[in-house]
1. Return the residues of region A:37-70 that are away from chain B (no Cβ under 12 Å) and more than 18 Å from A:Gln103 (Cβ to Cβ); say none if nothing qualifies.
2. Just checking, does region A:75-82 include any residue being in a helix (DSSP H, G or I), within 11 Å of chain B (Cβ to nearest Cβ) and not aromatic (Phe, Trp, Tyr)?
3. Going through region B:83-121 one residue at a time, which ones are away from chain A (no Cβ under 14 Å), at pLDDT 95 or above and surrounded by 13 or more Cβ atoms within 10 Å (Cβ to Cβ)?
4. Sort through B:Arg129, B:Arg76, B:Arg80, B:Arg138 and tell me the only one that's in contact with a Phe, Trp or Tyr (Cβ under 8 Å, 6 or more places away or on another chain), surrounded by 12 or more Cβ atoms within 10 Å (Cβ to Cβ) and among the basic types (Lys, Arg).
5. Can you name the residue in region B:10-22 that is within 12 Å of another protein chain (Cβ to nearest Cβ) and not small (Gly, Ala, Ser) and, of all such residues, is surrounded by the most Cβ atoms within 10 Å (Cβ to Cβ)?
6. Would you point out the residue of region B:30-39, among those that are under 14 Å from B:Ser71 (Cα atoms) and under 14 Å from the mean Cα position of the chain (by Cα), that is farthest from the other protein chains (Cβ to nearest Cβ)?
7. Name the residue that is nearest to A:Arg19 (Cα to Cα), counting only residues in region A:84-97 that are touching a strand residue (DSSP E or B) at 6+ places or on another chain (Cβ under 9 Å) and surrounded by 17 or more Cβ atoms within 10 Å (Cβ to Cβ).
8. Please go through region B:16-29 and pick out each residue that is under 14 Å from the mean Cα position of the chain (by Cα) and touching a residue at least 24 places away in the same chain (Cβ under 8 Å).
Amino acid sequence: MNVQVDHHDKVLVARVEGRVDSSNSQDFERQLQGAIGEDVQAVVVDLGQLAYISSAGLRVVLLVAKTLGQRNVSISLCALSDPVQSVFEISGFNRIIQIYDTQADALAAAG
Amino acid sequence: MSANLQLRVPNRIEELPGVSEAVEALGREEGWTQDVTYAIVLGLEEVATNVVRHGGGEPGSSEIEIEVTSSDDEVRIEVRDSGKAFDPFHEAPEPDLDAEVQDRQIGGLGVHFVKVLMDETSYSREGGRNHVSMVKRRS
């Protein structure tokens, strides 16, 4: 698992690669929280290269969404593969976190 | 035709990625679809993680026995451990799927995944051991 970060003005794009499970979710949380600086106005989490996520990883996504919500920073997800999309739907997270088909769509909405 | 995978791993979170790899390898040999593979790897991780986190005892102090049997129409997964009695399908908290971000609690989500993604689930306590059984149909 790896988190790559790009900045598009005040929008931070975090690309998550690989697998997030109970064995590395703490590392995922550290990488994701660590990537989000003070001056960020919106966060787009690109899951296009995420092969697998379990409830341990969803917990981190929820924690980050809560932290950002308290700072009035928006968060959205994009480019989910079909199985990853299913997991977000089963969890109900698709109803509380905005999900876009592509990173371009997410950036357009965030910008 | 059926294929069987049996694993015994110490009750440590770090052991679980190896379990996932072995199960995925079985899935490739048996020609599982992507959805079936994801459901089985996820179900097994969630159940085994619960065993490690809630079974009591120090990490590495006991073993988790895992058996995966793949046949033409279904995949059967058995997980046995000697931790304290815990029925994940009735004792884990129910997640509130409609709560807003700030109110949403994370507990019980793993078990919820298992209930939704598996076609059959059962729990029994046999001879001082927990036994979780899951079945995923292949079509």
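1. A:Gly37, A:Glu38, A:Asp39
2. Yes, region A:75-82 contains at least one residue that is in a helix (DSSP H, G or I), within 11 Å of chain B (Cβ to nearest Cβ) and not aromatic (Phe, Trp, Tyr).
3. Correct list: B:Thr121 only.
4. B:Arg138
5. Looking at residues that are within 12 Å of another protein chain (Cβ to nearest Cβ) and not small (Gly, Ala, Ser), I get B:Leu16.
6. B:Val36
7. A:Val84
8. Listed by number, the residues that qualify are B:Leu16, B:Val19, B:Ser20, B:Val23.
The values are calculated or read from the model by the stated rules, or taken from the named source; none is laboratory data. Keep in mind that what you see is a predicted model, and the values were worked out from it rather than measured. Reconstructed Cβ throughout: ideal geometry from the backbone, glycine too, with neighbour counts over all protein chains shown.
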